[in-house]
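In what follows, a single structure is set out as structure tokens and then discussed.
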Amino acid sequence: MKKDTNSAVSGGKMLKKVLLLSTLLLFALALAIIGINYLTSYLFLKIPWLLAVSVFLGVLTGGLTSKLKNKSLPKVPAGQVKRHNTGSFLEHWGTAAGIFLLMLSGLLLHGNPSLFQTNFHFLGLFLALFFGSYFLADFFASKKYFGLLPNLLDIFDGTIKKYLFRRSGTITGNIFPLRNQLFCFSLRSVLEYRLPVLSK
């Protein structure tokens, strides 16, 4: 019973942190969108270096967060599932917000591009680059690739056992085996699509 009480308390603390971070992220995003409405010049022409700064800051904060997190995280007791922390929440939803802004502004730019739409696109790119590089720095500094990249057991449990023999897969660590494979597939798809575009 004590274990359930502890998990409920830690779940409540995590929920409060997530709600606070969500509110702050949405507030900052709203302020940025309102702010770019009053700009009189194209950000891509005036301050393109800010995109490189966003990558640098993302790598710096992701690396520092990883080092601090590794020192402060308690060990996960046997039989319990490791949950995402606030850093994981930020990197996921921050990147999602950036990608959403890029898609929305891309649709707006397709018609009749204006100053606001172009700067809106800049904001989406800034967010996607910052949180994407934050994720990559944290990913490599924390050595998360051992948890996200599939091993032979994941491949067997996630595909062969599940789809060929119709048995449910097992949980290894904190994620399902099929998610490991989807991570690799998604990463490969992004690289195959983006690298030729970037080299043009």
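Between ALA30 and VAL18, the distance separating the two model label sites (each 7 Å from Cα on the Cα→Cβ line) works out to 2.1 nm.
Remark: the stretch 27-33, residue by residue, has Karplus-estimated 3J(HN,Hα) of 5, 5, 5, 5, 4, 5, 5 Hz, where x stands for each Gly or Pro and the curve is 6.51 cos²θ - 1.76 cosθ + 1.60 at θ = phi - 60°. Of the cross-linked pairs LYS69/LYS161; LYS17/LYS67; LYS17/LYS144; LYS13/LYS67; LYS16/LYS69, those separated by over 26 Å at the C-alpha level are LYS69/LYS161.
Where a number appears in this text, it was derived from the coordinates with a stated rule and is not lab data. Here the structure is a predicted model, which is why all the values come from computation and not from measurement. Here Cβ is always computed from backbone atoms with ideal geometry, including for glycine, and neighbour counts include all displayed protein chains.
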